[in-house]
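Just below is one structure, and these are the notes that go with it.
The values are calculated or read from the model by the stated rules, or taken from the named source; none is laboratory data. All of these numbers come straight from a predicted model, not from anything done at the bench. Note: ideal-geometry Cβ built from the backbone for every residue, glycine included; neighbour counts use all protein chains shown. Ligands, DNA and RNA are stripped out before the accessible areas are found, and what is left, the full protein with its side chains, is counted by its heavy atoms. Shrake-Rupley method; radii C 1.70, N 1.55, O 1.52, S 1.80 Å.
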Amino acid sequence: MEGLDGEELTAKLAELAKAEGGRLQIYTSLSDEIGEEIANRFGDEYDVDVSIYAGNSNDVAQRLSEETNAGRHNADLVEIGTPVLIALGDDGMLAKGLPVDTDGIAEEVVDEGWVAVRHNRFAVSWNTKIVTPGTEPKRWEDLADPRWDGKLALELEEFDWYATLRQYWLGQGKSEQEVDRLFEAMADGAKVIKGHSLLGQLTASGEVGVAASNFSHIVDRSTKDGAPITWKPVVEPAFLRAQGMGIAASSRRPATAALFIQWALTKGQELYAQNGWVPARTSLQSREGFEQVVVDVKAIAADEKRWVAEYERLVRRGTIVAED
């Protein structure tokens, strides 16, 4: 594939994929009907029979690792959150040197074994019956206001959101001590909830007034279903965390996997946007009309133990909400 890009690259990948037999096994954390729709769109275009194993990112990574160690080569393509993709790459589970065209994708979300195809957008959201127009948070700093005690929720494992907001505030001229006080004020009296879906459900039901870092596409889907929940007007900047794809190192159909990634980076971008995600292509991000910052997942992964430890200490100041 060296020297090819654009349509020439796509055409060559399609030729090689055809010789691999017209099948593709995807391991993904995208578990709803939209994931199937995306796979079917690709499959129909290139006459590929796509099979999907869906689970959360950690479950996907564990299954891939166990199968690889057992000498089974089932997965061709892995699509999960980039922090877990980075770990898989470090463990040799991903092929190196993706033969896809990454022109127009931010370098922070491109690596030798993976590339971002879409972003989840961290956004402040709230219940519109509890938080009336004009009283909603205007800045991230507003979440530290004592009026949100008992009404604010943090997600249990969102260390990358924490790291990114912390670095943003420091870049804006705040001191370490000021940033510490802001986060501590947020966590004191906060509810701590595991999982974005549950966070959205509890915000919609009114058990949570304000969610500090839910995904905007989850909020949008609840709004469409009639729930009293919104993330607009936007607390700026919104933070974009990449969801990426990589080719399994043990794949028997690497050209087909690469073709899927190439399709996701081109025709698939509009489909992601239509379903509430932020496309990885930077030219499609700017049309939102508000400030967005891409999470530097590589930098956070390089110091992950620190960020995880700090965030775990922080959320212990709040109250853990038990899962049903």
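Please turn the phi angles of region 49-65 into ³J(HN,Hα) values with the Karplus equation 6.51 cos²θ - 1.76 cosθ + 1.60 (θ = phi - 60°), one per residue in order, whole Hz, x for glycine and proline.
Computed from phi, the couplings for region 49-65 are 8, 9, 10, 10, 10, 10, x, 5, 4, 5, 5, 4, 4, 5, 5, 4, 5 Hz.
Once you order the gyration tensor axes a ≥ b ≥ c over the Cα atoms, which shape class does region 116-212 get: rounded for a/c under 1.5, otherwise prolate or oblate by comparing a/b with b/c? Intermediate results must be reported in sequence, preceding the final value.
Numbers: a/c = 1.67, a/b = 1.23, b/c = 1.36.
Oblate shape, in that a/c is at least 1.5 and b/c is the bigger or equal ratio.
In whole Hz, what ³J(HN,Hα) sequence does region 239-246 give by Karplus (6.51, -1.76, 1.60; θ = phi - 60°), x for Gly and Pro?
Once θ is set to phi - 60°, the couplings for region 239-246 become 10, 10, 9, 6, 10, x, 10, x Hz.
Return the long-range amide H neighbours of GLU157 (sequence gap of 5 or more, or a different chain), with a cut-off of under 5 Å between placed amide H atoms.
Excluding prolines and chain starts, which carry no amide H, the hits are GLY195.
Along Cα→Cβ, 7 Å out, is where each label goes; now give me the distance between the ones at GLU107 and LYS267 in nm to one decimal.
3.2 nm
Would you work out the charge dipole size for region 64-216 about its Cα centre, treating the Cβ of every Lys and Arg as +1 and the Cβ of every Asp and Glu as -1, and quote it to the nearest 20 debye?
Details: 14 positive and 27 negative charges, 154 e Å.
Dipole magnitude for region 64-216 comes out near 740 debye.
Per residue, how much accessible area does the chain show when a 1.4 Å probe rolls over the protein heavy atoms, in square angstrom?
Details: 14470 Å² over 324 residues.
For the chain, the per-residue accessible area is 45 Å².
On full extension of the chain, what length is gained from ARG306 through GLU15, given 0.36 nm per residue of separation minus the C-alpha to C-alpha distance?
Using 0.36 nm per residue and subtracting the Cα-Cα distance, I get 100.2 nm.
Under 5 Å between amide H atoms, partner at least 5 residues away or on a different chain: which partners does VAL208 have, H built in plane at 1.01 Å?
THR203
Collect residues whose amide H, placed 1.01 Å from N in the peptide plane, falls under 5 Å from the amide H of GLY113; neighbours closer than 5 in sequence don't count.
GLY97
If you keep only loop residues by DSSP, which trypsin sites (Lys or Arg not before Pro) in region 251-324 have at most 15 other Cβ atoms within 10 Å of their Cβ?
Numbers: sites: ARG252, LYS267, ARG281, ARG287, LYS298, LYS305, ARG306, ARG313, ARG316, ARG317; in loops: ARG252, ARG316, ARG317.
For trypsin sites (Lys or Arg not before Pro) across region 251-324 that sit outside H, G, I, E and B with at most 15 neighbouring Cβ atoms in 10 Å, the list reads ARG252, ARG316.
If you place +1 on the Cβ of every Lys and Arg and -1 on the Cβ of every Asp and Glu, how big does the dipole about the Cα centre of the chain come out, in debye to the nearest 20?
Values: 34 positive and 55 negative charges, 136 e Å.
Roughly 660 debye, rounded to the nearest 20.
Can you list the aspartates and glutamates whose alpha carbon sits under 12 Å from that of LYS138, skipping same-chain ones fewer than 8 residues off?
LYS138 reaches GLU236.
Relative to the Cα centre, what is the charge dipole magnitude of region 224-317, using +1 at the beta carbon of each Lys and Arg, -1 at the beta carbon of each Asp and Glu, and rounding to the nearest 20 debye? Let's see the in-between values first.
Details: 14 positive and 10 negative charges, 65 e Å.
Dipole about the Cα centre, nearest 20: 320 debye.
Please enumerate, by chain and number, the lysines with C-alpha under 28 Å from the C-alpha of LYS305, excluding those fewer than 8 residues away in the same chain.
Once the sequence-local lysines are set aside, what remains near LYS305 is LYS96, LYS174, LYS191, LYS194.
Can you compute the modelled spin-label distance between ILE130 and ASP188, with each label point 7 Å from Cα toward Cβ, in nm?
Label at ILE130, label at ASP188, 2.0 nm between them.
Want the number for GLN274 to GLU37: 0.36 nm per residue separation, take away the alpha-carbon distance, what's left? All intermediate terms of the calculation are to be shown ahead of the outcome.
Details: separation 237, 0.36 × 237 = 85.32 nm, distance 1.23 nm.
Length gained between GLN274 and GLU37: 84.1 nm.
In nanometres, what is the gap between the two model label sites at ASN74 and ASN58, each 7 Å from Cα along Cα-to-Cβ?
2.0 nm
Can you send over the carbon and sulfur percentage of the accessible area for region 1-72, probe radius 1.4 Å, protein chains only? List each step's numbers first, then the result.
Numbers: 1690 of 4290 Å².
Carbon and sulfur: 39 percent of the exposed surface of region 1-72.
For region 223-321, which GluC sites (Glu not before Pro) are both in a DSSP coil and crowded by at most 14 other Cβ atoms within 10 Å? Display every interim value, and only then the final one.
Numbers: sites: GLU270, GLU288, GLU291, GLU304, GLU310, GLU312; in loops: GLU291.
Taking region 223-321 and a limit of 14 other Cβ atoms within 10 Å, the loop GluC sites (Glu not before Pro) found are GLU291.
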